[in-house]
1. On the basis of being modelled with pLDDT of 95 or more, within 27 Å of residue 194 (Cα to Cα), assigned to a strand (DSSP E or B) and open to solvent by 30 Å² or more (accessible area, probe 1.4 Å), does residue 136 make the cut?
2. Name the pairs: first residue in the range 50-73 and β-branched (Val, Ile, Thr), second residue part of a loop (DSSP other than H, G, I, E, B) and surrounded by 22 or more Cβ atoms within 10 Å (Cβ to Cβ), Cβ to Cβ under 8 Å, at least 6 apart or on different chains?
3. Could you list, in sequence order, all residues of the range 251-263 that are more than 30 Å from residue 23 (Cα to Cα), of a type outside the set (A, V, I, L, M) and surrounded by 12 or more Cβ atoms within 10 Å (Cβ to Cβ)?
4. If you scan the range 150-164, which residues turn out to be open to solvent by 20 Å² or more (accessible area, probe 1.4 Å) and in contact (Cβ under 8 Å) with a residue 12 or more places away in the chain?
5. From the residues in the range 169-192 that are aliphatic (A, V, I, L, M) and open to solvent by 10 Å² or more (accessible area, probe 1.4 Å), which one is farthest from residue 229 (Cα to Cα)?
6. I'm told residue 203 meets every condition in (1) under 30 Å from residue 30 (Cα atoms); (2) without any contact (Cβ under 8 Å) to a residue 60 or more places away in the chain; (3) assigned to a loop (DSSP other than H, G, I, E, B) except one. Can you identify the failing condition by its number?
7. Could you give every pair whose Cβ atoms fall below 8 Å, whose first residue belongs to the range 78-96 and is closer than 23 Å to residue 17 by Cα, and whose second residue is open to solvent by 20 Å² or more (accessible area, probe 1.4 Å), counting only separations of at least 6 or pairs across chains?
8. Please find, within the range 159-174, the residue that is nearest to residue 200 (Cα to Cα) out of those that are of a type outside the set (A, V, I, L, M) and assigned to a helix (DSSP H, G or I).
Amino acid sequence: MMKTIQFHGESALPAIGQGTWYMGENAALRSQEVGALQAGLDLGLKVIDTAEMYAEGAAEEVVGEALRGRRDQAWLVSKVYPWNAGEVDAIEACERSLRRLQTDYLDLYLLHWRGNVPLEETIRAMESLQQQGKIRHWGVSNFDHDDMLELWQEPGGKSCLTNQVLYHLASRGIEYDLLPQCQQREMPIMAYCPLAQAGRLRQALFDDARLQQIAQQKGISVAQVLLAWVIRQQGVLAIPKASSVAHVQQNAAALSINLTNEELSIIDRAFPAPQSKTALDVV
């Protein structure tokens, strides 16, 4: 059975979406990236996540091309730079994103990380964008436990739909406080870099003999084990980037993979959950 998540006021969405970080950086890869996003839509991976930061807007342009003629098939997310999150600047930044995405609305608009603009001002900007019909929902990204408590105390802060944070098997810090806090409020988390970023942590996961054995026994890839592990949690949406059709197909197949209690125990012993507060990991 395919795993889904539900944002407040929305119908169920597949628990794996499509990330676009690093897309738009190489013009020679553009048609491949567009094709991968469209293949994902064909497979039902409705959530597409991007940001004005990614390739300074070029990733949004790739998404816009992929969605031409099929905008209604996607649940579209973009993010605003912290220094563009003021009451006037956020409107202009959103309008620039909409132009690059070739659409007149976003399903979700996120503050990319916390900056110097007061939260109350960003909330007002988001509410204004909602009233103008340019965004349907708003949320935040890279907010730790205390940031969320502060946000929820602001007027209108409880309308925040989600928090997008780094979460993968080698980075489990949110399980100590942030994730339970959001689950208690029935606020889904969006997990970016669910396969870990390129480098040491990613290599350690993909080379781990226990994960390789689980993958082999199930006839799947280690990447699919890692994705299935991330979305085992209630209310967690994973947004891996996949710039090839083959990777997108693997990601979509992970929606139906269930890890047994025994497999989860093996994984927990190999990569233990945190026993104390750790600062939020950010990439």
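The values are calculated or read from the model by the stated rules, or taken from the named source; none is laboratory data. This is a predicted model, so every value here is computed, not measured. In this analysis, Cβ positions are derived from the backbone assuming ideal geometry, glycine residues included, and neighbour counts consider all displayed protein chains. Just so you know, the surface numbers come from the protein's heavy atoms only, side chains and all, with ligands and any DNA or RNA stripped out. Shrake-Rupley method; radii C 1.70, N 1.55, O 1.52, S 1.80 Å.
1. Details: modelled with pLDDT of 95 or more: yes; within 27 Å of residue 194 (Cα to Cα): yes; assigned to a strand (DSSP E or B): yes; open to solvent by 30 Å² or more (accessible area, probe 1.4 Å): yes.
Criteria met by residue 136.
2. Close Cβ pairs (under 8 Å, with a partner that is part of a loop (DSSP other than H, G, I, E, B) and surrounded by 22 or more Cβ atoms within 10 Å (Cβ to Cβ)) amount to 50/20; 50/23; 62/20; 62/23; 62/24; 63/20; 63/23; 63/50.
3. 263
4. In the first step, residues of the range 150-164 are kept if they are open to solvent by 20 Å² or more (accessible area, probe 1.4 Å); the result is 150, 153-156, 158-159.
Answer for the range 150-164, where residues must be open to solvent by 20 Å² or more (accessible area, probe 1.4 Å) and in contact (Cβ under 8 Å) with a residue 12 or more places away in the chain: 150, 154, 155, 156, 159.
5. Narrowing the range 169-192 to residues aliphatic (A, V, I, L, M): 169-170, 174, 178-179, 187, 189-191.
Those still in the list that are open to solvent by 10 Å² or more (accessible area, probe 1.4 Å) too: 170, 187.
Numbers: 170: 11, 187: 19 Å.
Filtering first and then ranking leaves 187.
6. (3)
7. Between residues of the range 78-96 that are closer than 23 Å to residue 17 by Cα and residues that are open to solvent by 20 Å² or more (accessible area, probe 1.4 Å), the close pairs are 79/53; 81/53; 81/115; 94/134.
8. Step one: of the range 159-174, the residues of a type outside the set (A, V, I, L, M) are 159-160, 162-164, 167-168, 171-173.
Now narrow it down to the ones that are assigned to a helix (DSSP H, G or I): 159, 173.
Values: 159: 37, 173: 18 Å.
Checking each candidate, the answer is 173.
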